[in-house]
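Here is the structure we will look at.
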Amino acid sequence: MDGSQGEFAFEPPLEPSAVRRFLADNPGFLTGDDGLLSELGLKVAGGNVVEFAPAALARVHAAHQREAEQRQQLEETARANFAAQAQTHGAVVDLLDARNNSDLARRVDELARTRFGLAAGIIALETEGLPPAGWKRLVEGQVDLILDGSQRLARMGFAPTALGLFGADAGDIRSMAMVRMAIWEPARQGLLAFGSTDPEGFTPEMGSELVAFLARVVERTAERWQLL
């Protein structure tokens, strides 16, 4: 403090070049301070040579390990996404080969089981009459109930209100992926639903893009044949 003016005088910060010159001119300052060496993770080897201590090497190794693990996770995620997309493209070809709406429902369930390792694949439709053979019949407003809202286009995870879709398999279903559909003119509300026996098979955090893509394929394919 300058007593005449009553103000603090701040010194400018040290430049790295100044620190380097000081250490070069005063080598004993660093090598003679064991506490400072320990904080820096360094130690003095023979001949006053400063080398990395095990603690410093451990930090470098830990950082490298974290980077390797993150890279491995990214690679595994990329491989899983690629495999899912390849399976989805194959499923589209299977669906487009359907001969009628009954065959379409059979193919949805078959690709769920064989291509994706799931418990079931379901097509459901809100209708006052009978839906196509193999489709699940829903009453008006049931799609909104199952998806938990009229504005929701998809729902991932476990939904107790959807268990009835899976019939005899309902007791084994632990998670679902469901996407809203609108088929024919005037549009009728429907659902494409997949069920898994794994609680982590579908979770709310998962994206629904691939399931939604399949739902659009089912919509367009089903519109080849009029609902009787």
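The values are calculated or read from the model by the stated rules, or taken from the named source; none is laboratory data. Source: prediction; values computed, not measured. Here the Cβ is made from the backbone with ideal geometry for all residues, glycine too, and neighbour counts use every protein chain on show.
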TODO: Sort out which residues of the range 209-228 are under 25 Å from residue 160 (Cα atoms) and in contact with a Leu (Cβ under 8 Å, 6 or more places away or on another chain), and write them in order of number.
DONE: 211, 212, 214, 215, 218
- [ ] Would you please list the contacts, defined by Cβ atoms under 9 Å and residues six or more apart or on different chains, that run from a residue in the range 137-155 that is closer than 19 Å to residue 176 by Cβ to a residue that is of a type in the set (Lys, Arg) and assigned to a loop (DSSP other than H, G, I, E, B)?
- [x] 144/152
Open item on the list: Take the conditions outside any strand (DSSP E or B), surrounded by fewer than 14 Cβ atoms within 10 Å (Cβ to Cβ) and either in contact with a helix residue (DSSP H, G or I) (Cβ under 9 Å, 6 or more places away or on another chain) or touching a residue at least 12 places away in the same chain (Cβ under 8 Å) (or both) and apply them to residue 133. Does it pass?
Closed with: yes
Open item on the list: Which of the numbered conditions does residue 140 fail, given that it passes all the others? Conditions: (1) under 18 Å from residue 199 (Cβ atoms); (2) surrounded by fewer than 13 Cβ atoms within 10 Å (Cβ to Cβ); (3) among the charged types (D, E, K, R).
Closed with: (1)
Task: Tally of residues being among the hydrophobic types (A, V, I, L, M, F, W, C) and either modelled with pLDDT under 95 or surrounded by fewer than 22 Cβ atoms within 10 Å (Cβ to Cβ) (or both) across the range 189-201 - done: 0
Open item on the list: Residue under question is residue 212, and the condition is that it be surrounded by fewer than 20 Cβ atoms within 10 Å (Cβ to Cβ) and either assigned to a loop (DSSP other than H, G, I, E, B) or small (Gly, Ala, Ser) (or both); does it hold?
Closed with: yes
TODO: For the range 163-188, enumerate the residues that are touching a strand residue (DSSP E or B) at 6+ places or on another chain (Cβ under 6 Å), modelled with pLDDT of 95 or more and not in a loop (DSSP other than H, G, I, E, B).
DONE: 165, 166, 175, 176, 177, 178, 179, 181
